[in-house]
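Remarks on the structure that follows.
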Amino acid sequence: MTAARTPTTAPSHSPADRPRLGLRERKKIKTREAIRAATYALVKEQGYDATTIDQIAERAEVSPSTVFRYFPTKEDIVLTDEYDAVMLEEIRQRPVEEPWPDTLRHVLHRAVELGTSEDEEVSRLRTHLMVQVPAVRSRMMESMSATGRMLCEAIGERTGRAPDSLEVRVYAMSLIGGLMETSMYWAENDHRDDFGALIDRALDVMRHGLPGEKP
């Protein structure tokens, strides 16, 4: 999933139950956020292609090697987030008797909330780059594959099916593809629509088929 910030606590229904991260991990998070913030600022100022790793490192006040230690490519700076584990934990915390489509809808809305609450402008920039920059779009497809594998594990845990079964893999990757297309549709239409509403429309199509289609 795409998100602007890194959560500093694990998700929980009770704030008192949230374990704080250690100092070392918080420093890593701070460095990642500084690199991301520098990248977003430079891209807005001069465009994606003109932005270099050296410029990002200078703006973030780190070395180029530090940038590469956290993000293997420039595309990863734009796309990498920390929310896959958060989503997995959200799924695990839902009531076991809750229908799976309801769980999925809740978790995806939670992901949208996390991804846009801190800085909606950054979320818009990221999806815009997905549409406009082929290298970003290609890397996005790779990262979504990793999210799909995580989702297979979550579906397997919840349904008792084998995570690597054909049915689970097809279902998970159809969801991932739908989410990616929803993000691109949002950007291609100048972010006019409410993204949460678009997620609902996408989930309805994946659950029921095209509107008006006979069973």
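Some notes on this structure:
- Residue match in the stretch 122-140 (condition: among the hydrophobic types (A, V, I, L, M, F, W, C), under 23 Å from Asp102 (Cα atoms), open to solvent by less than 90 Å² (accessible area, probe 1.4 Å) and more than 14 Å from the chain's Cα centre (by Cα)): no
- Among the conditions (1) free of Cβ contacts under 8 Å to residues at least 60 places away in the same chain; (2) within 17 Å of Glu89 (Cα to Cα); (3) within 14 Å of the chain's Cα centre (by Cα); (4) surrounded by fewer than 16 Cβ atoms within 10 Å (Cβ to Cβ), Gly148 misses just one, which is (4).
- Taken over the stretch 49-69, the residue count meeting the criterion of being in contact (Cβ under 8 Å) with a residue 40 or more places away in the chain and touching an Asp or Glu at 6+ places or on another chain (Cβ under 9 Å) is 0.
- Candidate set: the stretch 97-109, residues that are of a type outside the set (S, T, N, Q) and touching a residue at least 12 places away in the same chain (Cβ under 8 Å); chosen: the one nearest to Leu179 (Cα to Cα): Leu108
- Flag if Ile155 is closer than 24 Å to Arg92 by Cα, surrounded by 17 or more Cβ atoms within 10 Å (Cβ to Cβ) and at pLDDT 90 or above: no
- Yes/no for Arg161 being basic (Lys, Arg) and part of a helix (DSSP H, G or I): no
- Selection of first residues in the stretch 164-180 that are without any contact (Cβ under 8 Å) to a residue 60 or more places away in the chain and within 19 Å of Ala197 (Cα to Cα) and of second residues that are in a helix (DSSP H, G or I) and open to solvent by 30 Å² or more (accessible area, probe 1.4 Å), restricted to Cβ pairs under 8 Å at least 6 apart or on distinct chains, gives the following pairs, ordered by first then second residue: Ser174/Met206; Ile176/Ser145; Gly178/Val205; Gly178/Met206; Met180/Met141.
- In the stretch 58-81, residue surrounded by the fewest Cβ atoms within 10 Å (Cβ to Cβ) [restricted to those that are of a type in the set (D, E, K, R) and within 23 Å of Ser145 (Cα to Cα)]: Arg69
- Hey, Asp200 of a type in the set (D, E, K, R), in contact with a helix residue (DSSP H, G or I) (Cβ under 8 Å, 6 or more places away or on another chain) and at pLDDT 90 or above or not: yes
- Selection status of Asp76, at pLDDT below 85, under 22 Å from Val131 (Cβ atoms) and charged (D, E, K, R): no
The values are calculated or read from the model by the stated rules, or taken from the named source; none is laboratory data. Remember, it's a predicted structure, so these values are computed and weren't measured experimentally. Heads up, the Cβs are rebuilt from the backbone with ideal geometry, glycines too, and the neighbour counts pull from every protein chain shown. To get the accessible areas, we keep the full protein, side chains included, count just its heavy atoms, and leave off ligands, DNA and RNA. Shrake-Rupley method; radii C 1.70, N 1.55, O 1.52, S 1.80 Å.
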